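S.K.: Below you'll find the structure I mean.
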Amino acid sequence: MKLKRFKEIALDGTVRQNPTLRLVLGTCPTLAVTGMGAISCLGMGAAVIFVLVFSNLIISLLRNVIPDKVRIPCFIMIIATFVTIVSMFMEAYMEKLFATLGIFLDLIVVNCIILGRAESFASHNPVLDSVCDGLFMGIGFTLSLTLMGIVREILGKGALFGVQLWNFKIAFFAEKAGAFLTYALFIAIFNVCYNAVERKLKHKAARNAVAIEREAEAAASTEAKEA
Amino acid sequence: MDVFAIIISALFVDNFVLSQFLGICPFLGVSKKVNSALGMGIAVTAVMVITCVVCYPIYTFLLAPMGLQYLRILVFILVIASLVQILEMVLKRFSPGLYSAMGIYLPLVTTNCAILGIANIVTETVKDASKAGYVFSDVFFGNLVNVNMAKGYGEAVLSGLFYGLGFTLAIVLLAGLRQKADKLHVPKPLKGFPITMLLACFMAMAFYLFTTIV
């Protein structure tokens, strides 16, 4: 895989097509898990990364074998297998995290991010690309989830990663309604920043193009004069 | 738990969308118009009831006594997907009108966390069935006709129905709010998902008050 393609996939997964903030997929775990504290967010993110990478790997390997008509059930069974593995692993080694995440660990199966990547990327892209895509989509999900979790934990509980910082807290942000508010504000702020950066980059590219054109013109005219 | 408590908690207190954050995707995605929201709500309710009717016995009498609880995710998702497929075919054959009204929502329902969530929630109570002394041979030879089981089954189906209705209530209310909000002047960054989520935030605040009932 070329470096340029790798960069593109990485940027797509983490920023340009950030699953939670740009595509607004996988909303259920985002709303629920961000209220459980930043550590649970990291755990959830790790589980999602694992499932995304391996389901993308297997689906990409089998992309020419799976018949088109029954592809969705096949994808779901592959994803469910890896979710079962993660769930059993966490139950055995990370009991506390398993108990906190509870039902949302099993529900990774029906997380739209994973099925979405299987359907729109892994099912018609080479293996290495698909694995990278899964990895960076997962990282994008984890980053936004953890950021939201940190904001909600600091504001709602006055704590960070389970460590009490101060006694000031706005309980609203730890409640259910606070989840919707935080998510809405995050999407709005992210989109404003994204659009501003994009406009600036476009501007810069346009200016560069104009400058190159002028240089070329100047060079041409001097050549003409010399001739 | 008595019936009334199940109904109130499923509809309002533990509302699937606003309190448990399950089924958010259709809640945000299919709530532009009241009519389509109602269709989606009914489809979800129907599939939820069927899921409870089928998954509860499968878990209680097959998976739990044999110690196969870890297979639940695979089994549930397979059962739900095939049930939705069958329901779609039956509707298409016997009631084309209902199919054209509801049919487009059915495939969406399959991969919906609300459905897998309800299957998990209603079977949560029987996770330790093997500890309670049921073994597979008991089930196999029909020794398990016991009042508690019947009660658990009734509760499971009832909660499936009312969690589904709670979902319908929330999605229809949100669709009504969104139709009104379309006429408002919304700042550009808040257009689309953010404003919908803010509306959901106000609804969650209102539903939060129901927790004081129980």
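Bear in mind that the values in this text are calculations on the coordinates, not laboratory data. Here the structure is a predicted model, which is why all the values come from computation and not from measurement. Every residue, glycine as well, gets a Cβ built from its backbone with ideal geometry; the counts of neighbours run over all protein chains shown.
S.K.: Loop only by DSSP, 14 or fewer other Cβ within 10 Å of the Cβ. Give me the chymotrypsin sites (Phe, Trp or Tyr not before Pro) in the range A:125-225 that pass, ordered by residue number.
M.R.: Here the chymotrypsin sites (Phe, Trp or Tyr not before Pro) that fit, given the DSSP loop and packing criteria, are A:Phe161, A:Trp166, A:Phe168.
S.K.: So what's the range B:1-91 giving for Cα Rg divided by 2.2 N^0.38 Å, two decimals?
M.R.: The range B:1-91 yields a ratio of 1.27.
S.K.: Here is a follow-up. Taking neighbour counts of Cβ atoms within 10 Å as a proxy for exposure, in what order, fewest first, do A:Ser221, B:Ser19 appear?
M.R.: In order of increasing Cβ crowding within 10 Å: A:Ser221, B:Ser19.
S.K.: Classify the range B:3-212 as rounded, prolate or oblate, taking a ≥ b ≥ c as the square roots of the eigenvalues of its Cα gyration tensor: rounded when a/c is under 1.5, otherwise prolate if a/b is larger than b/c and oblate if not.
M.R.: prolate
S.K.: Moving to a separate point now. Test of understanding: ordering A:Asp129, B:Asp14 by Cβ neighbours within 10 Å, fewest first, what list do you get?
M.R.: Least crowded to most crowded, the residues run A:Asp129, B:Asp14.
S.K.: For A:Lys169, list the lysines whose Cα falls under 28 Å from its own Cα; do not include residues on the same chain fewer than 8 positions away.
M.R.: Of all the lysines, those that pass the test against A:Lys169 - Cα under 28 Å, at least 8 places apart if same chain - are A:Lys96, A:Lys157.
S.K.: Whats the longest run of chain A with zero trypsin sites (Lys or Arg not before Pro) that are DSSP loop and have at most 11 other Cβ atoms within 10 Å?
M.R.: A:70-227
S.K.: Spelling out what I want: for every residue of the range A:64-81, take phi, set θ = phi - 60°, compute 6.51 cos²θ - 1.76 cosθ + 1.60 (Karplus), and round to whole Hz; glycine and proline get x.
M.R.: Values per residue, Gly and Pro as x: 8, 9, 5, x, 4, 6, 10, 5, 5, x, 4, 4, 5, 5, 4, 4, 4, 4 Hz.
S.K.: I would also like to ask the following. Extending each Cα 7 Å along its Cβ direction at A:Ser120 and B:Leu78, get the distance between those two points in nm, one decimal.
M.R.: It works out to 3.0 nm between the two label points.
S.K.: Also, I was wondering about something else. Starting at 0 and stepping by 10 Å, how many percent of the alpha carbon pairs of the protein assembly as shown end up in each bin?
M.R.: 4, 18, 28, 26, 13, 5, 3, 2, 1, 0, 0
S.K.: Around A:Leu160, which amide H atoms from residues at least 5 apart in sequence, or from another chain, sit under 5 Å from its own amide H, with H modelled in the peptide plane?
M.R.: Sorted by chain and number, the residues that satisfy this are A:Leu165.
S.K.: Using the eigenvalues of the Cα gyration tensor, what equivalent ellipsoid semi-axes result for chain A when each is taken as the square root of five times the eigenvalue, whole Å, largest first?
M.R.: Value: 40, 28, 13 Å, ordered largest first.
S.K.: Calculate, in nm to one decimal, what A:Ile72 and A:Leu160 gain on full extension: separation in residues at 0.36 nm each, minus their alpha carbon distance.
M.R.: Extra length available between A:Ile72 and A:Leu160 comes to 27.7 nm.
S.K.: Still on this structure, I have one more. Please report B:Ser159, A:Ser120, B:Ser36, A:Ser130 as a ranked list, fewest other C-beta atoms within 10 angstrom at the top and most at the bottom.
M.R.: Ascending number of Cβ neighbours within 10 Å: A:Ser120, B:Ser36, B:Ser159, A:Ser130.
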